[in-house]
Structures are given as structure tokens and as C-alpha cells.
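In what follows, a structure is listed as C-alpha cells, so that the remarks can point back to it.
The values are calculated or read from the model by the stated rules, or taken from the named source; none is laboratory data. Please read all numbers here as calculations on a predicted model, not as lab measurements. Every residue, glycine as well, gets a Cβ built from its backbone with ideal geometry; the counts of neighbours run over all protein chains shown.
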Amino acid sequence: MADQEPGSTADQPAQLSDGLAAGFPAGPLGGPVAAPPVSPSVDPPAEPASALAGQPDGFERLWVPHRMAYIGGEARPADGTPAACPFCTGPTKPDSEALIVARGQHVYAVLNLFPYNPGHLLICPYRHVPLLTDLDQTEACELVTFTQHAMRAIVQARGPHGFNLGINQGSAAGAGIAAHLHQHVVPRWKADSNFFPIVGQTRALPELLGQTRDAIAAAWEDTAC
Ligand SMILES: [Zn+2]
């Protein structure tokens, strides 16, 4: 599975409401009346995407339920050192901030900041090593156990029809962050691709990452490893 593999969206339809579909009555001359005023909200300051775990790819993200907004700044780490590595710095932050779903003794599960689908997790060792063959037996066993647990939690939280699992080894194989091993766990739904990735280099994602993290983290507690 290449990181740049074209992709996937959930089976929920995109809700690109322009107000006309929301049941507003017709105004003069048949046009729509203004939508009711919306309470002002204050968004927290945006955090640089490079500080969070995930792999940049060629796609922009359209976070459909909140508002039409493109999330940019998909910067890659400055170098291959642990100090610049989001998979090393992520576990130093609180779970909700780092989008970490669960922590084990040797590995942890984190939402991909650049998901193919809602619930796209990465299983990472804490050690900054590039290859599966760099793991000792204990780490390798927990990587597989966490992958199983992630699948069960995602099934409980989101009910996918299938999964893609994969590890890209080396930048030549498509690894976005080749210096730190990570196992992709990508939930799939029947007919979960649509035209967005093809025509707009954009993936439509029907929920925010924080919502996905909360749901899978709760399911993680309810499912056996
Ligand atoms: Zn690292």
C-alpha cells in the first residue's frame, strides 16, 4: 500500500449544504430567505500540522461536517532525527492533543493526521527505528497485538466492511516518514471512494479527527486485545 495510493472516503454522503437544502422557506421572488443567525464561535489557534503524527501525501483534506475548509501545511519532518519526528514527539503530549488512541508498553496507536478514511490508525513503536526487522521479538509481538486490537476497536466504533493493513519500508516504497516504522490500519467501506480524490486531489472526511479519536479510544477500552 503506497502512501500516495488514491483513495477512499467513508460511505456517508458529503454534506455540502449551501442552505438551500436545509429546509429554509422561500423568500421574495422565490429565492431563499437568509439563514437564521449563528452564534459566533471562537476557534482555538491552529497547531502546525508538522507537530502532529501522520504522513503527508499529495491530497488536501476537506473536513465536511464542520465547514468547508482546506487543511494545509502538510509539512514533512525537517530531517530524519527523533527531534524532528512526529512519531517520537507525539507520545510526549496528552492523548487528545496528539490524537493517540491507546498506549502500550512498546508501541502506541495514533490517528493518522492525513487519513485515507475516518479511523485510519498508525501503530508505531516508541523506538525511532525504520524497519520491521529492527524490532525485537517483544516489540514485534505487541505491534501485531495492537493491530488486532485496533481492528476490533474500529469495528465496534465505526463498523467498516474491511481493512487495508500495510507497512511501507523506505521512501522508495512510499513511506512518508521513513525513519520511524509505522503500521497502517485503514478501515474500508464498500463503495467508499468517490470523485473527490480524482477531480480535486481532496478527500472528503465526514468527521473531525478529535471525534474519531474519542470514539475509537472509548471502543478500545471495551474490546479485548
Ligand atoms: Zn521517531
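Observations
- When Ala178 is tested against (1) assigned to a loop (DSSP other than H, G, I, E, B); (2) among the hydrophobic types (A, V, I, L, M, F, W, C); (3) over 17 Å from the mean Cα position of the chain (by Cα); (4) modelled with pLDDT under 90, only condition (4) is not met.
- Leading residue by the ranking (farthest from the ligand (Cβ to nearest atom)) among those in the range 148-167 that are outside any helix (DSSP H, G or I) and within 20 Å of Pro86 (Cβ to Cβ): Gly166
- Residues in the range 60-78 that are in a loop (DSSP other than H, G, I, E, B) and either at pLDDT 85 or above or more than 11 Å from the ligand (Cβ to nearest atom) (or both): Val64, Pro65, His66, Arg67, Met68, Ala69, Gly72, Gly73, Glu74, Ala75, Arg76, Ala78.
- Set side by side, the residues Thr145, Thr89 differ, and just one is away from the ligand (no atom under 15 Å from the Cβ) and out of contact with any strand residue (DSSP E or B) (no Cβ under 7 Å at 6 or more places or on another chain), which is Thr145.
- Taken over the range 170-184, residues that are more than 13 Å from the ligand (Cβ to nearest atom) and in contact (Cβ under 8 Å) with a residue 12 or more places away in the chain amount to 5.
- Condition broken by Ala204, with the remaining ones in (1) at pLDDT 95 or above; (2) in contact with a strand residue (DSSP E or B) (Cβ under 7 Å, 6 or more places away or on another chain); (3) hydrophobic (A, V, I, L, M, F, W, C) satisfied: (1)
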